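All remarks here apply to the structure that follows.
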Amino acid sequence: MKKQGQVRGQMDWLLFFTALILISFGLVMVYSSSSLIAEFRFNRDHYYFVLRQASAAALAFLLLMLMSRHDYRRLRSPQWAFAGLGVIIFLLIAVFVVDSEHHRWFRLPLFSVQPSEFAKPALIVFLAWFVTRRREAINSPHTVWPAAIALVGLAGAVVIADLGTAIVLVATTAAIFYLAGLNRRYTLIAFGACLLFLSVAVVWKPYRLKRLIDFIDPDYKVLIYINPSKSWLAHANTATVQDTGHHAEMSKIAIGAGGMLGLGLMQGKQKLLYLPEAHTDFIYAIVAEELGFLGAVLLLAGFLIILYRGYQLYFKASDEFGRYLAVGVTTSIVFQALLNMSIVLDLGPTKGIPLPLISYGGSSLVSSAISLGLLLSVSERVNES
C-alpha cells in the first residue's frame with residue numbers, strides 16, 4: 001500500500017517505444033538477411049528464421065511488460081541475488097557437458113537456449129543488491145573480494161565458449177563499481193586482472209589468438225620477425241581457425257556498397273552467402289548495405305537513447321538499488337551494441353557477439369527484454385520513496 005504523498009511515475013514512453021521499434025526493426029532485418037540463407041544453406045522455408053525470431057519477440061515483449069510492471073525493489077534481497085546467479089552458473093556447467101561441441105546451447109525440440117545470455121541480468125541484479133548493501137564500505141576488502149569471486153566464477157564459466165559475453169559482464173561490473181566509488185588502487189588492480197583474464201582467454205583458444213593477430217598484424221610481418229621458423233603459422237592454419245579476416249573483409253564491402261542511402265531493403269548482395277553470420281553477428285553490415293549510412297546512424301541513435309535514458313535514471317532513481325540496476329542494464333546493452341558495431345566496422349578483432357534486439361537469436365532477445373523491463377520498472381517509480 002502506498003504512503004500518502006507517493007506518486008507513481010508514468011511509463012518512460014521514449015524508452016519503451018525505442019525498445020519496441022528496435023525489436024520490430026530487428027525482425028525486418030532478420031528476414032531480409034536470412035531468407036535466402038534459410039533456403040539455400042539450410043534447405044528451409046525462407047520464413048524459417050524470422051518466424052522463430054517472431055516467437056522469441058512475442059515472449060520478449062511479454063516479459064518486458066511483466067518486468068516493467070513488477071516492482072524492481074522486490075528483487076532487493078539476498079534470495080533473489082544469489083538464486084539467479086546460482087541458477088545461471090549451474091546451467092553454464094550443465095551446458096558445458098550437454099553441448100560437447102560448442103558448450104553454448106541447450107538444444108530442445110522447438111528452440112535452443114543459451115544460458116550465457118541470461119548471465120547478464122542475473123549478474124546485474126546481484127551486483128545492484130551487493131553494492132547497495134555495501135555502499136558505505138565499497139573499498140573494503142570484505143566488499144571487493146566477494147564481488148571479484150562472484151565475477152570470476154561467472155565470467156570464467158561463460159568464457160569457455162563465449163568470450164564476447166564475458167567481456168560484457170566485466171564491463172558492466174566495472175561501470176557499477178566505478179560509479180559506486182571504487183578507489184583508484186582497486187581500479188588499477190582490477191584493470192590489470194582483467195587484462196590477464198583476457199590474455200589467458202585469448203591464448204587458450206587458437207582461433208581467438210589468430211583473430212587478434214589478423215587484426216593487429218594481418219600480413220604477419222611482425223609475427224614472422226619474432227618467429228622466423230613460422231611454427232605459429234603451421235599451427236594456426238587449421239580448419240578451425242582459417243580465414244578469420246574474411247568476416248571483416250566482407251563486412252567492409254557491404255558497408256561501402258551501401259553508401260549514404262543504401263541499396264534498398266532486401267536488395268543487399270553480401271548476404272547472398274558472401275558474408276558469414278549475416279543474420280546474427282554481422283547484421284549491422286546488412287543494415288548499412290541496404291539502408292546506408294543514414295540507416296546505420298539511426299540504428300545507433302536508438303541505442304544512444306537507451307544510454308541517455310538509462311544513465312539519467314542513475315541520478316533520478318528513488319533508491320540506490322534502482323540506480324545500480326539502471327547503470328548495469330544500460331551498460332550491458334549499450335556496451336554490447338557498440339562492441340558489435342565496432343567489430344562489424346573492423347575497429348576490433350572479429351568476435352562472435354550479437355547486436356542486442358536486432359540480431360537473430362531468441363536467448364539474446366529475451367535476455368535484453370528482461371533487462372529493459374527492469375529499466376522501465378525503475379523509471380516508473382522514480383517519484384516513490
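The values are calculated or read from the model by the stated rules, or taken from the named source; none is laboratory data. None of the values given here were measured: they were computed from a predicted structure. Cβ: placed from backbone, ideal geometry, glycine included. Neighbour counts: every protein chain shown.
Numbers below:
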{"item": "Every residue from segment 35-87 that is β-branched (Val, Ile, Thr) and at pLDDT below 90", "result": "ILE37"}
{"item": "Cross-chain or 6+ apart pairs with Cβ under 6 Å, segment 338-363 first and free of Cβ contacts under 8 Å to residues at least 24 places away in the same chain, then of a type in the set (Gly, Ala, Ser) and surrounded by fewer than 20 Cβ atoms within 10 Å (Cβ to Cβ)", "result": "SER342/GLY348"}
{"item": "Test: VAL125 is in contact with a helix residue (DSSP H, G or I) (Cβ under 9 Å, 6 or more places away or on another chain), assigned to a helix (DSSP H, G or I) and either over 19 Å from PHE191 (Cβ atoms) or free of Cβ contacts under 8 Å to residues at least 60 places away in the same chain (or both)", "result": "yes"}
{"item": "Test result for ARG44, farther than 29 Å from GLY156 by Cβ, surrounded by fewer than 17 Cβ atoms within 10 Å (Cβ to Cβ), of a type outside the set (Asp, Glu) and touching a residue at least 40 places away in the same chain (Cβ under 8 Å)", "result": "no"}
{"item": "Where TYR72 falls short, out of the listed (1) hydroxyl-bearing (Ser, Thr, Tyr); (2) surrounded by fewer than 19 Cβ atoms within 10 Å (Cβ to Cβ); (3) farther than 30 Å from LEU291 by Cα", "result": "(2)"}
{"item": "Filtered residue count, segment 244-284, keeping only those that are within 24 Å of the chain's Cα centre (by Cα) and closer than 14 Å to VAL30 by Cβ", "result": "9"}
{"item": "Among residues of segment 160-192, those that are free of Cβ contacts under 8 Å to residues at least 12 places away in the same chain, within 26 Å of ILE353 (Cα to Cα) and not hydroxyl-bearing (Ser, Thr, Tyr), counted", "result": "2"}
{"item": "Criterion (surrounded by 15 or more Cβ atoms within 10 Å (Cβ to Cβ) and free of Cβ contacts under 8 Å to residues at least 40 places away in the same chain) met by exactly one of THR132, THR143", "result": "THR143"}
{"item": "Options ILE343, ILE286: the member that is under 27 Å from ALA38 (Cα atoms), of a type in the set (Val, Ile, Thr), assigned to a helix (DSSP H, G or I) and at pLDDT below 95", "result": "ILE343"}
{"item": "Test: residue in segment 17-36 that is surrounded by 14 or more Cβ atoms within 10 Å (Cβ to Cβ) and not in a helix (DSSP H, G or I)", "result": "no"}
{"item": "Subset of segment 47-57 [over 18 Å from the mean Cα position of the chain (by Cα) and in contact (Cβ under 8 Å) with a residue 40 or more places away in the chain]", "result": "PHE49, ARG52, SER55"}
{"item": "Single unsatisfied condition, ARG74 versus (1) basic (Lys, Arg); (2) in contact (Cβ under 8 Å) with a residue 60 or more places away in the chain; (3) within 20 Å of GLU380 (Cα to Cα)", "result": "(2)"}
{"item": "Residue within segment 314-322 that is farther than 18 Å from VAL125 by Cα and touching a residue at least 24 places away in the same chain (Cβ under 8 Å) present", "result": "yes"}
{"item": "Positions within segment 92-119 being farther than 26 Å from LEU51 by Cβ and surrounded by 15 or more Cβ atoms within 10 Å (Cβ to Cβ), in sequence order", "result": "LEU92, PHE96, HIS103, ALA119"}
{"item": "Residue match in segment 101-119 (condition: part of a helix (DSSP H, G or I), without any contact (Cβ under 8 Å) to a residue 40 or more places away in the chain, on the phi < 0 side of the Ramachandran plot and hydrophobic (A, V, I, L, M, F, W, C))", "result": "no"}
{"item": "Qualifying helices (runs of 4 or more DSSP H) (wholly inside segment 191-268; at least 3 residues being at pLDDT 70 or above, closer than 30 Å to ALA155 by Cβ and among the basic types (Lys, Arg))", "result": "206-216"}
{"item": "Among the candidates ALA157, ALA60, ALA81, residue that is farther than 17 Å from SER367 by Cα, outside any strand (DSSP E or B) and either of a type outside the set (S, T, N, Q) or in contact (Cβ under 8 Å) with a residue 60 or more places away in the chain (or both)", "result": "ALA157"}
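Listed here are the residues, each with its yes/no results for (1) in contact with a helix residue (DSSP H, G or I) (Cβ under 8 Å, 6 or more places away or on another chain); (2) surrounded by fewer than 24 Cβ atoms within 10 Å (Cβ to Cβ).
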position	(1), (2)
GLU277	yes, yes
LEU294	no, yes
VAL297	no, yes
PHE321	yes, yes
GLY328	yes, no
LEU338	yes, yes
MET341	yes, yes
VAL344	yes, no
SER367	yes, no
